[in-house]
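Report on the structure given below.
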Amino acid sequence: MEPSPRRVVPATEWEQARQELLVREKELTRAADALAAARRRMPVQRMSDHVLQGVDGPVRLVDVFEGRRQLVAYTFMWHDPERPCEGCSMFVDQFGHPAHLHARDVTRVVISSGPLAETLPYRERMGWTVPWYSTAGSDLYADLGHDGGFALDVFLRDGEDVYRTYTVDGRGVEKLGSVWSFLDLTPFGRQETWEDSPEGTPQSDPYVWWRRHDEYEPAGARP
């Protein structure tokens, strides 16, 4: 084994280096919080009444929300059914239990241009349960400005009206995966009182809403 290129130091010197790094890490955390606050104040794009293909047939975009107010939709690249995108697969592998997002009025889904006859068997092979929709026959991608690459979009529902509030692609998607990272992209955020959010945003004290995923009220834990 090759020797480590890092210096070996006494515990006191290591702790000093750790504290110096911690200052920079805290700065990054505060900057990320400020960025999320700005994201919650972005203008919105009104969406057309798109129809996607779901496991039970055609589904309007407004119904993809499953009755919740916020929607996180990951666009899975689907160019070669013999070799589905490894990067997209790795990303979806990170999805945790949806109950925690549901408890904050968020539905998370996957969309792709591939026909369900191809994508659903792959979802089963990978052991995923996330709701999956096909954009085949829809102009949703054109409305979103996507060219077939991977991306993640966030939407807000107001009755029957749907608005896009945020989109991210490239390395911005790499940072996502935890419950918190998805909530920080949504128009309501984590909905905790410490957050800087627009007036009228639903909020509660931190921690009090957290549950084990099988302990939420049924309305907040739909599969």
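The values are calculated or read from the model by the stated rules, or taken from the named source; none is laboratory data. Quick caveat, the model's predicted, so the values are computed rather than measured. Note: ideal-geometry Cβ built from the backbone for every residue, glycine included; neighbour counts use all protein chains shown.
Only a single criterion out of (1) more than 19 Å from VAL51 (Cα to Cα); (2) touching a residue at least 40 places away in the same chain (Cβ under 8 Å); (3) not β-branched (Val, Ile, Thr) is not satisfied by ASP161, namely (1).
Of the residues ARG164, ARG212, ARG157, the single one that is among the charged types (D, E, K, R) and either under 13 Å from the mean Cα position of the chain (by Cα) or in a loop (DSSP other than H, G, I, E, B) (or both) is ARG212. Looking only at the range 117-135, decide whether some residue is touching a strand residue (DSSP E or B) at 6+ places or on another chain (Cβ under 6 Å), assigned to a helix (DSSP H, G or I) and at pLDDT below 95. Within the range 117-135 (the criterion being touching a strand residue (DSSP E or B) at 6+ places or on another chain (Cβ under 6 Å), assigned to a helix (DSSP H, G or I) and at pLDDT below 95), the answer is no, since none of the residues qualifies.
Please go through the range 22-65 and pick out each residue that is in contact (Cβ under 8 Å) with a residue 24 or more places away in the chain, assigned to a helix (DSSP H, G or I) and under 24 Å from PRO121 (Cα atoms). Within the range 22-65, LEU61, VAL64 meet the criteria. Within the range 184-213, being loosely packed, with under 13 Cβ neighbours inside 10 Å, farther than 20 Å from GLY96 by Cβ and hydroxyl-bearing (Ser, Thr, Tyr) holds for THR193, SER204.
Of GLY159, GLY170, all but one fail to be over 27 Å from PRO206 (Cα atoms), of a type in the set (Gly, Ala, Ser) and modelled with pLDDT of 95 or more; the exception is GLY159. Restricting attention to the range 82-94, the residues being part of a loop (DSSP other than H, G, I, E, B) and crowded, with 19+ Cβ neighbours inside 10 Å number 1.
Each row is one residue, and each column tells you yes or no for (1) among the basic types (Lys, Arg); (2) touching a residue at least 24 places away in the same chain (Cβ under 8 Å); (3) under 18 Å from VAL51 (Cα atoms).
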position: TRP78; (1), (2), (3): no, yes, no
position: GLU82; (1), (2), (3): no, no, no
position: MET90; (1), (2), (3): no, no, no
position: ASP93; (1), (2), (3): no, yes, no
position: PRO98; (1), (2), (3): no, yes, no
position: HIS102; (1), (2), (3): no, yes, no
position: ILE111; (1), (2), (3): no, yes, yes
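Note on the range 136-154: residues that are hydrophobic (A, V, I, L, M, F, W, C) and part of a helix (DSSP H, G or I) amount to 3. For the range 167-185, does any single residue satisfy the condition of being assigned to a helix (DSSP H, G or I) and over 27 Å from PRO43 (Cα atoms)? No - not one qualifying residue is present in the range 167-185.
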